[in-house]
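Contents: one structure, followed by commentary.
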Amino acid sequence: MPALLLGRAQAPNRRSRWQAAIALVACVLAAALAAAAPVPGTGTQATGVGETIFRLGALSSGAPLQASANGVQLKGAAAACQNCHRHSGLGSREGRSLIPPITGRYLYRSLSPKGEELDVPFVEGMRERRAPYTDASLARAIREGIDSEGHPLKAPMPRFELGDADMAALIGYLKDLDQRHVPGVSSTTLHFATIITPDADPVKRSGMLAVLKQYFADRNARQMSPAPRLRSKRLVRFRVNRFWELHVWELQGAPATWGAQLDQLMQNEPVFAVVSGLAGRDWRPVHEFCARARVPCLFPNVEVPPEDEGFYSLYFSRGVLLEAELIASQLLARGGGSIPAVHQIYRSGDSGEAGAAALGAALEPHGITVHNHALGPAADRHALAAAVHDASDAGALVAWLRPEDVAALGSAPPPAGATLYLSGLLGGLEHAPLPRALRERTHIAYPFDLPDARRARMDFAFGWFRIRKIPVEAEQVQADTYLACGLLSETVNRLSDSFVRD
C-alpha cells in the first residue's frame, strides 16, 4: 500500500547501525542542551536579573544584552551566556575550542599546590592552573576579555556591555549556579524514575518495563563496584561509577491530580532524571511537573507531546502532530482546492482528536473544507459505519483510529472515489489490520523509516531483546525505550562526576 514517509538518516551496516543511531541522537541531545532555551521553573521566563541576562540575554531595564566577538555584533538572545557555557554553566565545545565552566566553584577556586588532587569534579575545558578570579577581575573579563592573570581571552569569548548593577546580578547568579547536592545522586547510586499514566496501554507498559529493568540490571551487573579515580599528568579526573536504581511512578486518578502526586513522589524519593515513560492521551501534567521540578524528562513514549517542549523535556517525535503535518503536505500536493472535502474520523478523548485538530488547522488556510466525525469512547462499529456513510462526499477520508476500528472499515468502506489516509501510530503501522479491499487506495503515515529500512537498522536492539528473552510485545515502544536507555548511558558516561540535571 502507498505510504507517507519522513525518513531518518541511514546508518551503516549491522552492529554499527544501532550504535550510529545512538551517536546521532546523542549529538542532537547535546545540541538541544547547549542551545538557548526557556528558563527553568516557569519554563518560559527567568526568575531573577542575573538569570535573565545569562539565559535570555535581557538586561534589568528590559533592553537586550549587547556584545561583540571578532567584529560581529551580538544582541539579545544571541548574546546570552548559556549559548556557549550551557544551561548549567559547565561549558561546552565550539569546534576545536573548549568553552570553560563559569560557575562560582570553578572561577573562584584557589590554586592547589602542584601535584595535589583537585577539590572540584573534573569538567572538560576547566582551567585547573589558572589564578582564581575576584569579582573585579571577573567583571573585567566579561567586559574587556582579560582573564584573572591579565591575559586576553581567546575567541569565541565576546566582550559584553554591562552596567554595574547588571554585572553584580550576573556574577551573583554564576555563584548560585553551583549544585553541591544534586537530588537523586548519592555517593554510590543514581536514582531514575519512569512515569506511567493511568490510561497507558497495559501491553506497552509491560514491554517498556521489561526493557528498562533489564537494561538497568545489565548495567549494574557490569559495574560490580565503584571504579577508582583515573589520573592524568596534571589533574585527577573523578570518574566514580554509580549504580542505577529505577523507580516506577504509576499515577492514578484524573490528570488534574498528577502534579500533586508527582511532587509527593519526588519528595519521598528524589530522582536525578526521568527516563522513558508511557502515556495514553495526556502527558502535559507530567511535562509541566518536570519543568517545575527542573528534572530532565528523556524520551517518554507519548503520542501527543506538548508543542512547547521547553528545556527539561526531550521527545523522539511529535507523534500524531507530525502525522497531521505529513498528511496535510500530501493533500496539498494533490491540489488542495480540487479535493471536494476532507472528512476525519476519530474517537473523542483519544490521541487522534489532537491529530485531527492539527490537520484541520493546517488545511483551513488553504480553503479546504474539513468535516470532523467524533465517535464516543464506547461507540460500536455501527456508529463507525454511520460516520463513514456521512462522509459520502469525501475526496479524502482521514482515519485516526486504533486497530479494532481499522479492521471494522471492511464492513463500512469509504466512498469509492475517496483516498483513505490512516494514522500509522494509532493504527499499527505495517501491522494495521486494514481490509484487503482498501489497501490500494490507502496511505499510511509513517513518521520514520518504512518497515524494511527500519528493520535493518534495528537489528542490534532486537538482537538484544532476543538474547535476554524479552518478548517483543510493543515493537516501537520497546525499541524507543532501549534507545532512550542507550542515550542516558552515553550522557552519564560523559558527565564524569559532575552530575548536574541541567
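The values are calculated or read from the model by the stated rules, or taken from the named source; none is laboratory data. Fair warning: this is a prediction, and the values are worked out from it, not measured in the lab. Heads up, the Cβs are rebuilt from the backbone with ideal geometry, glycines too, and the neighbour counts pull from every protein chain shown. These area figures cover heavy atoms from the full protein model, side chains too; ligands, DNA and RNA do not enter into them. Shrake-Rupley method; radii C 1.70, N 1.55, O 1.52, S 1.80 Å.
Structural size metrics of the chain, computed from C-alpha coordinates, are Rg and Dmax of 26.1, 84 Å.
Pull out the extension gain between His371 and Val72, defined as 0.36 nm times the separation in residues minus the alpha carbon to alpha carbon distance; nm, one decimal.
Value of the extension gain: 102.5 nm.
Per residue, the chain reaches -11000 deg cm²/dmol at 222 nm when only DSSP H runs of four or more residues are counted, each adding -39500 (n - 2.57).
Under the simplified labelling scheme, the Arg334-Ser110 pair shows an inter-label distance of 7.5 nm, with each label point 7 Å from Cα along Cα→Cβ.
Surface composition of the chain: carbon and sulfur make up 53 percent of the accessible area, probe 1.4 Å.
Between Thr189 and Phe243, the built amide H atoms are under 5 Å apart, and every one of these is 5 or more places off in sequence or on another chain. Magnitude of the charge dipole for the range 303-441, about its Cα centre and with charges confined to Cβ atoms of Lys, Arg (+1) and Asp, Glu (-1), is about 480 debye. For Tyr133, nonlocal amide neighbours, meaning residues 5 or more places apart or on other chains whose placed amide H falls under 5 Å from its own, are Tyr108, Arg109. Each label was represented as a point 7 Å from its Cα along the Cα-to-Cβ direction; for Asp452 and Asp380 these points are 4.3 nm apart.
How much of the calculated P(r) for the range 258-317 lies past 14 Å, in percent of all Cα pairs? Roughly 51 percent, rounded to a whole number. Amide H contacts under 5 Å for Thr419: Ala396, Leu397, restricted to partners 5 or more places along the chain or on a different chain, H placed in the peptide plane at 1.01 Å from N. Residue-normalised convex hull volume from the C-alpha trace of the range 309-356: 95 Å³ per residue.
Axis of helix 351-363 versus longest Cα principal axis of the chain: the two differ by about 90°, to the nearest ten degrees.
Inter-label distance, Asp199 to Ser61: 5.0 nm, where each label sits 7 Å from its Cα along the C-beta direction.
Pairs of Lys residues in the chain that lie 8 or more places apart, or on two chains, and have C-alpha atoms under 17 angstrom apart add up to 4. Relative contact order for the chain: 18 percent, from Cα pairs under 8 Å spaced at least 6 residues apart, divided by residue count. Once the Cβ-Cβ distance of Thr134 and Ala437 is raised to the sixth power relative to R0 = 60 Å, the FRET efficiency obtained is 0.15. Across the range 328-335, rounded Karplus estimates of 3J(HN,Hα) from the backbone phi angles (6.51 cos²θ - 1.76 cosθ + 1.60, θ = phi - 60°) give 4, 5, 5, 5, 5, 5, 6, x Hz, Gly and Pro being marked x.
Grab the beta carbon distance between Lys154 and Ser206, set R0 = 60 Å, and tell me the FRET efficiency rounded to 0.05. Computed FRET efficiency for Lys154 and Ser206: 0.65. A Förster distance of 35 Å, applied to the separation of the beta-carbon atoms of Arg468 and Ala254, puts the FRET efficiency at 0.45. Residue farthest toward the positive end of the dipole of the chain, with Cβ of Lys/Arg at +1 and Asp/Glu at -1: which of Pro101, Tyr482, Leu420? Checked the options; the winner is Pro101.
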